[in-house]
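One structure is given here, and the rest of the page talks about it.
The values are calculated or read from the model by the stated rules, or taken from the named source; none is laboratory data. As the structure is a computational prediction, the values presented were derived from the model and not from experiment. Using ideal geometry, Cβ is built from the backbone for each residue, glycine included, and neighbour counts are taken over all protein chains shown. For accessibility, only protein heavy atoms count, side chains too; no ligands or nucleic acids. Shrake-Rupley method; radii C 1.70, N 1.55, O 1.52, S 1.80 Å.
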Amino acid sequence: MAKVIAITNQKGGVGKTSTASALASGLQEKKYKVLAIDLDPQGNLGFCLGAETENAPTVYDLMKGAASIEDVIQTNNGIDILPANILLSGAELEFSNIGREFMLKKGIAPVMDDYDFVIIDTPPALNILTVNAYTATDYLIIPMVPEILSLLGISQLTETIELVKGVYNPKIEVLGILLNKYDARRTLTKDVEEMAQMIARQLGTKVFTTKIRASVAVAEAPAHGQSVFRYSPKSNSAKDYRQFIKEIISQKGMKDGN
Ligand SMILES: Nc1ncnc2c1ncn2[C@@H]1O[C@H](COP(=O)(O)OP(=O)(O)O)[C@@H](O)[C@H]1O
Ligand SMILES: [Mg+2]
């Protein structure tokens, strides 16, 4: 049975997609079987992983029951991908059926034994798509950047997690807060790090030991159709993401996807 990890934060630009992409590629390089799911109508994760997003069935069709999972999965560089596109933005209005919170979980259920890890990227919102991700997942990773504004809104995020935990998915666990675009030399970084520690305590979790430093390679790699590891293996971000994957795999209950 696959371990499911969703990357979440309702703020945009904190590194959700970059982290989802790095996790999927890095775990695949370690020979784990990975399914990457793009739940953001912007379709960026699919793009990063080289999926066709415009003229192909997407996760939207799967959730609606209009396509089978075999028809939606694309394979690229050894990673299976459920892509998304802008049609997914209609979800909030369109998915009004009873059980709408379970549409993703139901859609991927037939293939859960085929993977070691399922990585879900989420939109910069707390909406029905986010709730579907939380309902389908075992773990949440919350990326944050060292900016004061990035810490605001955390109480809504906490409320959404608690709601899903109470109603749809009691076993959901926040694995940790990942500090991204990290620069230890900046004073602000220290302040934000302390605040992140406080938030982590509120969420009953931790700040990951590994921090991700900024490198242009993260922004450039997708345009070259490559992972950050292949595009610039010696960049700080690639080194940090490699270390982060080690930290993830070493978490209790995570190894070998068991
Ligand atoms: N560690 C990093 N170093 C440099 N640029 C980064 C890093 N992480 C993210 N970025 C860049 O910041 C922007 C937002 O990142 P992204 O992963 O798309 O965030 P989100 O999915 O949370 O909106 C992108 O242009 C991305 O390339
Ligand atoms: Mg994104």
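Observations
- Local electrostatic count, residue 213, Cβ distance below 14 Å [Lys/Arg +1, Asp/Glu -1]: +4
- Between the alpha-carbon centres of the stretch 41-58 and the stretch 178-215 there is a gap of 30 Å.
- A DSSP coil position with no more than 15 other Cβ atoms inside 10 Å describes the following GluC sites (Glu not before Pro) in the stretch 78-168: 147.
- Distance from the Cα centroid of the stretch 221-236 to that of the stretch 67-123 is 26 Å (rounded to whole angstrom).
- GNM top mover of 180, 55, 236 - the chain, alpha-carbon springs below 10 Å: 55
- A simple count of charges around residue 78, restricted to other residues whose Cβ falls under 15 Å of its Cβ and scoring Lys, Arg +1 and Asp, Glu -1, yields 0.
- Relative contact order for the stretch 3-257, counting Cα pairs under 8 Å that sit 6 or more residues apart, in percent: 24
- 20 Å Cα-Cα reach of residue 234 towards aspartates and glutamates, excluding residues that sit fewer than 8 places from it in its own chain: 29, 183, 220, 247
- Calculated FRET value between residue 223 and residue 197, using beta carbons and R₀ = 22 Å, to 0.05: 0.05
- For the chain, built as a Gaussian network whose Cα springs stay under 10 Å, the top-fluctuating residue of 148, 245, 128: 148
- For residue 105, the aspartates and glutamates whose Cα falls under 12 Å of its own Cα, not counting residues fewer than eight places away in the same chain, are 138.
- Full-stretch length increase - residue 93, residue 66 - with 0.36 nm per residue and alpha-carbon distance subtracted: 8.0 nm
- Gyration tensor verdict on the stretch 106-195 (Cα atoms; rounded if a/c is under 1.5, prolate if a/b is larger than b/c, oblate otherwise): prolate
- Neighbourhood net charge (10 Å Cβ-Cβ; Lys/Arg +1, Asp/Glu -1) for residue 6: -1
- Sites residue 230 and residue 167, calculated FRET efficiency, Cβ-Cβ separation with R0 51 Å, nearest 0.05: 0.80
- GNM flexibility winner over the chain from 58, 189, 137 (Cα, springs under 10 Å): 189
- Relative contact order (%) - criterion: Cα under 8 Å, at least six apart; region: the stretch 1-76: 19
- Per atom type, the stretch 3-257 shows carbon and sulfur on 51% of its accessible surface, probed at 1.4 Å.
- Per residue, in Å², the accessible surface of the stretch 156-245 once ligands and nucleic acids are set aside, probe 1.4 Å: 54
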